[in-house]
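The structure under discussion appears below in the form of structure tokens.
Every number here is computed from the coordinates shown, using simple stated rules; none is lab data. Everything numeric here is computed off the predicted structure, so don't read it as measured data. FYI the Cβ positions are ideal-geometry reconstructions off the backbone, even for glycines, and counts take in every protein chain you see.
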Amino acid sequence: MIILAEIREDSLVRYKGTGTVGTVKVLKDEDGEKWAFLDSTGLYYRLDTLEPIDRLPERTELEGMTMEQIQERFKAQQEMMDKAKMQDANLETGG
């Protein structure tokens with residue numbers, strides 16, 4: 001038997017579908033379903049699709065970078081992928 005921590009207002013939760021994290025601001029019952037309103041998205045989620053978490057997950061990969069730095073990183077990755085595509089076009093198969 002699995003016992004889940006109770007989700008209540010001000011609980012920190014993660015949506016199982018996408019990993020979206022937010023704080024529950026409102027709980028409501030509607031048509032026999034329990035719903036929670038998350039502050040991070042402004043949307044309601046069924047309680048059975050949420051899981052309580054202790055703390056926010058760390059996001060260190062882009063943390064502290066400016067928008068310009070993120071765009072430059074993206075551009076460099078795009079150029080690398082374009083070069084790999086050009087190399088694939090030069091491959092010949094034997095038959």
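Brief remarks on what is shown
- Take the Cα of residue 76, step 7 Å toward its Cβ, do the same at residue 48, and the gap between the two points is 4.7 nm.
- Region 11-77: GluC sites (Glu not before Pro) in DSSP coil with no more than 16 other Cβ atoms inside 10 Å: 58, 61, 63
- In sequence order, region 46-53 has phi-based couplings of 5, 4, 6, 9, 10, 10, x, 10 Hz under the Karplus curve 6.51 cos²θ - 1.76 cosθ + 1.60, θ = phi - 60°, and Gly or Pro positions carry x.
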